[in-house]
1. If you check Leu305 against the conditions, is it more than 24 Å from Ile111 (Cα to Cα), at pLDDT 95 or above, in the same structural domain as Val190 (by TED's automatic domain parsing) and outside any strand (DSSP E or B)?
2. Quickly run through the stretch 57-82 and pick out the residues that are in a strand (DSSP E or B) and surrounded by 23 or more Cβ atoms within 10 Å (Cβ to Cβ).
3. Confirm whether Leu29 is more than 18 Å from Ala112 (Cα to Cα), in a loop (DSSP other than H, G, I, E, B) and touching a Pro at 6+ places or on another chain (Cβ under 9 Å).
4. Which residue, of Trp343, Trp370, is over 24 Å from Val107 (Cβ atoms), modelled with pLDDT of 95 or more and among the aromatic types (Phe, Trp, Tyr)?
5. Can Leu354 be described as outside the structural domain of Ala152 (by TED's automatic domain parsing), of a type outside the set (Asp, Glu) and under 23 Å from Gly150 (Cβ atoms)?
6. Kindly indicate whether Pro248 is assigned to a loop (DSSP other than H, G, I, E, B), of a type outside the set (Lys, Arg) and either on the phi > 0 side of the Ramachandran plot or more than 25 Å from the chain's Cα centre (by Cα) (or both).
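The values are calculated or read from the model by the stated rules, or taken from the named source; none is laboratory data. Note that the coordinates shown come from a computational prediction; the quantities given were computed from them, not determined experimentally. Cβ: placed from backbone, ideal geometry, glycine included. Neighbour counts: every protein chain shown.
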Amino acid sequence: MTEHNWAGNLTYSATSVAEPTTRDELAGLVRAASAIRVLGSRHSFNRIADTDGLLVSTAALPAHVDIDAERRVARVAGGMRYGDVARPLHAEGWALGNLASLPHISVAGAIATGTHGSGDRNRSLAGAVAGLEILTADGGIRMLRRSDPGFAGAVVSLGALGVVLDVELEIVPAFDVAQTVFERVRWDDVLADLAAVTSLGYSVSLFTTWRDPDVVDQVWVKARAGDAAAPQHVLGGGAASAPRHPLPGVPADSCTEQGGVAGPWLDRLAHFRLEFTPSQGEELQSEYFVARDDAPAAIRALRPLAARIAPLLLVSEVRTIAADDLWLSGAYGRDTVGLHFTWRRDQAAVEALLPEIEAALSPFDPRPHWGKVYTLPAAAIRERYPRWADAAALRAELDPRGVFRNTFLRDLGL
């Protein structure tokens, strides 16, 4: 088989791929399988979705967005992309509180890996989950909501519990956002009061190439209408004179509208437009989560590595995520900062560099993003999740035969 992930850096080991069109067909595949994993939109850069058995996609199952205005939740098919969920929500006057950089990722895949957007008060995408409908290995269906035992372990599940059929997402009334990009801010000024910068908008992202270790190349401020407007300058950095792509020299056509022009949430919260297919085969990604209070020191620890990082790097992004109580979330129990790296697609060179980055971050107990490239040992990762044993017990309860386990999970001890 020659099935690849989105970036093209790995070929799946599965013997076959299935795209069932009905729940009954999917349940039959699951009951018959000895080893099975679920594919989302293939945006993971490691073997979290791999298996030596059957890969199954839920993208062909019926799509739906059912709004419960009284409960303020929308029940959506887990295989849908966030961008495709956003449009019918907005048409009915509703919104999701946050979006990731790419609206192209699937709902079930994003929440299973703890994928996130940005904002001091905004939790990861998993933090918006109010309920999950899971098809388990025996073909049965389990519905879990926040009040149910095990719910907090089932959302960021690494795909270990079963196939997520439907997801209930919290919704809010639709709102407008204006996005402004500021350029060339000094790291020393940012790190003197990082919270002052990340609180400038509803969602704030800092981008740097590390070519100049003293400079943040861009600060993207997404200000929600009704909140304070974005400032005219950020620590001496002026607003960009034209739309910008996070990567220097790349046209901004694929980026959401900037220039302080207010528009609907679904056209601003993501960095990239749904109608543009993201580039394929050009990058790898890594990301490490540290406590927000530790973030300035963690960034300072990275600065001496700038000359090692820059030649392999396309761009790095710094974002904040609010704490949650989800057992395997990167933001479990602590307000968090994500230190993200988009690399050139040189797997060997990236994997050779990552131990240096991880060593520099080690005093801050970094947690790696589950869907990205890292080299941290499993024992160190487990220590950073206080509810790890509970997550392992839940996996054993819902999948006693280990049908959804793979090498990635076994190596972690899950």
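1. The answer is yes for Leu305.
2. Ala74, Val76, Ala77
3. Criteria not met by Leu29.
4. Trp343
5. Spelling it out, it is not the case that Leu354 is outside the structural domain of Ala152 (by TED's automatic domain parsing), of a type outside the set (Asp, Glu) and under 23 Å from Gly150 (Cβ atoms).
6. Judged against the criteria, Pro248 is not a match.
Residues checked against (1) free of Cβ contacts under 8 Å to residues at least 24 places away in the same chain; (2) of a type in the set (Lys, Arg); (3) over 30 Å from Arg87 (Cα atoms):
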residue: Asp325; (1), (2), (3): no, no, no
residue: Arg344; (1), (2), (3): no, yes, yes
residue: Glu358; (1), (2), (3): no, no, yes
residue: Pro368; (1), (2), (3): no, no, yes
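Rundown of residues vs (1) more than 19 Å from the chain's Cα centre (by Cα); (2) part of a loop (DSSP other than H, G, I, E, B); (3) assigned by TED's automatic domain parsing to the domain that holds Ile357, yes/no style:
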site	(1), (2), (3)
Arg211	yes, yes, yes
Gly238	yes, no, yes
Asp253	yes, yes, yes
Leu266	no, no, yes
Thr277	no, yes, yes
Tyr288	no, no, yes
Arg300	yes, no, yes
Val315	no, no, yes
